[in-house]
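Here the structure is laid out as structure tokens; the discussion comes afterwards.
Readers should treat all values here as calculations from the given coordinates under stated rules, not as data from a laboratory. Here the structure is a predicted model, which is why all the values come from computation and not from measurement. Note that each Cβ is placed from the backbone with ideal geometry, even for glycine, and that neighbours are counted across all protein chains shown.
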């Protein structure tokens, strides 16, 4: 996720935007907000088709904070799969970045 984020899309073919962002779109110059986002440290976890991802931009006491919520939407049958047994998201996880 540090090198490629599936949630970054180009808006008007020039400005990168976060499509997981609930209350923000633009990630700023040189993807400045991406460096605050905790999704960058998760490897491939958000790439699972059963995980819903949402990010929020918050103003904290020490500045801007990105919060990310990952929720597993898999049913009981899917959760029995080997890859699900090792998943850190299951059943749900809320991440807070600084």
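Measuring nothing but how far apart in sequence close Cα pairs (under 8 Å, 6+ apart) lie, relative to its length, the range 8-96 scores a relative contact order of 23 percent.
Computed across the chain, the Kirkwood hydrodynamic radius from all distinct Cα-Cα pairs reaches 14.2 Å. Using 0.36 nm per residue and subtracting the Cα-Cα separation, the extra length available between residue 64 and residue 15 on full extension is 15.6 nm. Here the residues 18, 34, ranked from fewest to most Cβ neighbours within 10 Å of their Cβ, fall in the order 34, 18.
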